[in-house]
1. Within the range 133-166, track down each residue that is assigned to a helix (DSSP H, G or I) and over 23 Å from the mean Cα position of the chain (by Cα).
2. Mind checking which residues of the range 1-45 are assigned to a helix (DSSP H, G or I) and small (Gly, Ala, Ser)?
3. Which condition does Ile145 not pass, out of (1) surrounded by 18 or more Cβ atoms within 10 Å (Cβ to Cβ); (2) over 30 Å from Asn246 (Cβ atoms), if it passes all the others?
4. Return the residues of the range 35-66 that are in contact (Cβ under 8 Å) with a residue 40 or more places away in the chain and within 25 Å of His129 (Cβ to Cβ); say none if nothing qualifies.
5. Run down Asn230, Asn241, Asn246 and say which single residue is surrounded by fewer than 18 Cβ atoms within 10 Å (Cβ to Cβ) and not hydrophobic (A, V, I, L, M, F, W, C).
6. So which helices (runs of 4 or more DSSP H) stay within the range 287-352 end to end and still have 2 or more residues that are surrounded by 17 or more Cβ atoms within 10 Å (Cβ to Cβ), aromatic (Phe, Trp, Tyr) and assigned by TED's automatic domain parsing to the domain that holds Glu212?
7. Just to be sure, is Glu76 within 21 Å of Phe23 (Cα to Cα) and of a type outside the set (Phe, Trp, Tyr)?
8. Quick one: in the range 207-223, which of the residues that are in contact with a helix residue (DSSP H, G or I) (Cβ under 9 Å, 6 or more places away or on another chain) and of a type in the set (Val, Ile, Thr) is surrounded by the fewest Cβ atoms within 10 Å (Cβ to Cβ)?
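The values are calculated or read from the model by the stated rules, or taken from the named source; none is laboratory data. Since this is a predicted model, take the numbers as computed values, not measurements. Neighbour counts run over all protein chains shown; Cβ positions are idealised from the backbone, glycine included.
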Amino acid sequence: MKSVYIHIPFCNTICTYCDFCKFYYNKKWVSDYLNSLEKEIKANYKGEMIKTLYIGGGTPSSLSIEELEKLFSIIEIFDKSKCIEFTFECNIENLTEEKTNFLIEHGVNRLSIGVETFHEKYLTFLNRHHKIKEVEEKINYLKKIGFRNINIDLIYALPNQTIEEVREDVAYFLKLEIPHISVYSLMIEDNTILSIQKVEEIEEDLDARMYENIEQILTKNGYIHYEISNFGKKGFFSEHNLVYWNNEEYYGFGVGASGYIDKVRYDNTRNIINYIKGDYIIESHKLSQNEIIENEFILGFRKLDGINLNRFYQKYHQNITNYSIIKKLLKEEKLIIIDGNIKIKDEYIYISNQILYQLLGEKYE
């Protein structure tokens, strides 16, 4: 089975921190874009059963009902598993009753909602346009009509933000009683509004203390820290994102999307005009066995449980502990083996990028 990611790049507003492939909503462009998306999918999908489907963006919920009907008619081509996880990204302000009812009636069973913070001043800073009360009202409505699997994104490490304000954000999340949260430290990426405004990231020590506070509160309240940035109740981990972290193959459709099929990693153009013309893939690369294993490490060690020893041997016919860099990291106790899994030691999770960097450029064949 395979997974599918579909990128919808349109937004009603542009967030100050966003470096994803996005464009202001334009009805004519949406129509042309969906026509091109349909052609790309028909030309490349090979008919496999799909186990996860993720529609992201951009802001997919910015589309009108008529445009959503067109999009959902396109994805009828996929042979969907009966137990498929079907995720749709959305913004609170777009979640009308008509749209949420449409989504649940058309098989969406997981929503990922960009909330980012529960403080009005930081919502303004991020150029988000919902109100705090609106979040609670709409989450309650979503649960009422049958959505059980809901994620919200939360951003911390904002300029001038205090640890107490971060704790208040997490407390408000807990009040919503939903099963999954993704937490991200604010990164000032090139070509974003914040970068242009020369906003600076907060000090690393404060960032680390905020992260530790978030982890302590969530784990104390029954959430499992299963990936560096993700916490979920048992049974509510993101199956789609686990495809990425388990180094499994998936289709990526749409402008700016990436995919991994038949050992080839590819990136689509970020130029919407070229995409509409049918010039989809801008770069592709057939991975060597060495690169595949390197990706296995870089992605797999993002999971708090790390990489299963037996599963690694079944995939690559190699004992993971035979590699010199793995031996070194085990000796330094930055990696440990517990219950048949090799993982980054908990105390090094926050600085995991430093460990992952050491795994690059090694020989694994």
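1. Passing the criteria: Lys133, Glu134, Glu137, Asn140, Tyr141, Lys144, Ile145, Ile163, Glu164, Glu165.
2. Correct list: Ser31, Ser36, Ala43.
3. (1)
4. Matches in the range 35-66: Tyr54, Ile55, Gly56, Gly57, Gly58, Thr59, Pro60, Ser62, Leu63.
5. Testing whether each residue is surrounded by fewer than 18 Cβ atoms within 10 Å (Cβ to Cβ) and not hydrophobic (A, V, I, L, M, F, W, C) leaves just Asn246.
6. none
7. no
8. Ile217
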